[in-house]
Amino acid sequence: MKFGKSATIIAALAMATTGALVMSQKDAEATSVATVTTSTPARLYTDSGLLIRNRALAPNTPWLVGKIVNFHDETMYQVATNEYLKASDSSLKDSNANKKLIGTVVGIISPFIYNDQINDINGKMLPAGTSWAIGKHIINKYNQHYVQISSHEYVETTYLKFNGELPTPIYIGNFATLDKNPDDDTTNNTLKDYVPYLQNINNYFIKYLNALHAANGLAPVQGTTDMINYAQQRAEQQIPAQLDHSTATRDTSENLSTAGLSYLIETEGIQSDKDVAYFILKDFYDDDKNRTPIGQPGHFGHRAALLYSGPNVGLGMTEYHAAFDADWNYGTMDQFNQLYNYTGSNPNTKFISKNAI
């Protein structure tokens with residue numbers, strides 16, 4: 001018997017109809033459930049939006065839903081640790097929709113999560129479009145509002161939209177101000193008031209990058225949600241004090257740095273998203289800390305990536321790392337290679353001042 005292409009693909013899939021993730025009737029009465037509505041097996045995707053080729057969900061099967069996210073403007077339901085089902089291939093039922101307060105991340109990405117156990121940011125961020133069950137609502141002496149998203153993790157309300165009214169706030173004066181004693185409103189310790197916001201950092205970074213392009217007679221670039229999210233993933237994949245391009249899952253032009261937000265805030269004393277963006281741009285452009293010594297090909301590789309990559313770009317940052325990812329620009333590849341292989345000390349390129357934007 002001859003099989004068509006689509007039939008061959010379906011035959012190769014491990015079609016899930018039962019298992020630990022399929023809901024029980026009791027579960028169905030207490031949580032969100034996505035039921036497959038396609039007439040053929042519904043395809044699954046990873047948390048990077050990549051198609052899973054060896055597994056699918058059988059028609060009419062119900063699945064417990066974890067996070068609800070957006071990949072490339074497509075709403076997806078988490079049905080396993082790293083498996084997501086398209087909303088368009090299923091129907092969602094949430095029996096507790098009228099009882100649970102949900103916060104959904106707006107913009108590109110949230111600021112860092114505050115952890116009240118360590119009284120510090122913990123290096124984590126919330127992906128854009130993800131939704132979280134909300135617990136306590138806390139306000140501090142600076143009139144900053146935080147909501148609880150897990151046992152000890154909180155996010156500022158500014159970066160979430162909610163499906164209902166927040167509970168009455170609890171006042172804790174020094175909550176999330178990063179003082180040593182969060183319950184003591186009389187502490188004399190220096191406050192770290194600045195809370196970085198990656199979307200703003202990207203907005204400034206791309207403005208600076210386009211000013212750099214203009215100064216060198218090059219076409220402008222644009223930041224995209226896809227590239228920013230991938231750059232954030234790459235920053236999070238790095239091991240503290242180490243950098244590794246080999247763990248990349250996509251073929252992009254990439255710069256990595258150990259100049260993370262902790263270093264910029266605590267060592268460099270930076271206190272604004274705009275200054276973070278300019279520091280990172282200058283750090284990559286100068287290439288003073290490039291592992292390839294000056295006088296050898298590759299020393300100005302980060303500068304080459306800034307100038308000759310794009311048009312889609314993104315910047316990711318964690319407490320310890322930064323990652324710049326961009327499309328390869330094949331139209332300027334000769335210029336990229338010329339700068340990458342330059343062995344002198346002063347390439348013929350122009351930088352910009354902090355006042356350029």
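The values are calculated or read from the model by the stated rules, or taken from the named source; none is laboratory data. Only a predicted model underlies this, so the values are computations on that prediction, with no experimental measurement involved. All Cβ positions, even for glycine, are placed from backbone atoms using ideal geometry, and neighbour counts span all protein chains on display. To get the accessible areas, we keep the full protein, side chains included, count just its heavy atoms, and leave off ligands, DNA and RNA. Shrake-Rupley method; radii C 1.70, N 1.55, O 1.52, S 1.80 Å.
Ranking request for peptides 197-205, 260-268: highest mean number of other beta-carbon atoms within 10 Å first, then the rest in descending order. Walk me through the intermediate numbers first.
Details: 197-205: 22.4, 260-268: 16.7.
The peptides rank, most packed first, as 197-205, 260-268.
Could you calculate the FRET efficiency of Thr343 with Thr46 from 1/(1 + (r/R0)^6), where r is the beta carbon distance between them and R0 is 30 Å, rounded to 0.05? Intermediate values should be presented prior to the final figure.
On the way: r = 41 Å, r/R0 = 1.37.
With R0 = 30 Å, the Cβ-Cβ based efficiency is 0.15.
Cross-link list Lys93/Lys136; Lys67/Lys282; Lys93/Lys124; Lys86/Lys274; Lys141/Lys207: which exceed 27 angstrom alpha carbon to alpha carbon? From Lys93/Lys136; Lys67/Lys282; Lys93/Lys124; Lys86/Lys274; Lys141/Lys207, over 27 Å: Lys67/Lys282; Lys93/Lys124; Lys86/Lys274; Lys141/Lys207. The share of accessible area on the stretch 183-317 that comes from carbon and sulfur is 46 percent, using a 1.4 angstrom probe. Note on Gln117 and Asp334: their simple-model spin labels are 5.8 nm apart, each label 7 Å out from Cα toward Cβ. Assuming R0 = 56 Å, what is the FRET efficiency of Thr168 and Ala58, from their Cβ-Cβ distance, to the nearest 0.05? That gives a FRET efficiency of 0.75. Its residues counted as N, the stretch 239-357 yields a C-alpha radius of gyration over 2.2 N^0.38 Å of 1.06. Between Gln237 and Ala215, residue separation times 0.36 nm minus the direct Cα-Cα distance comes to 4.6 nm. Less than 5 angstrom separates the built amide H of Asp120 from those of Asn115, all sequence-distant by 5 or more or on a different chain.
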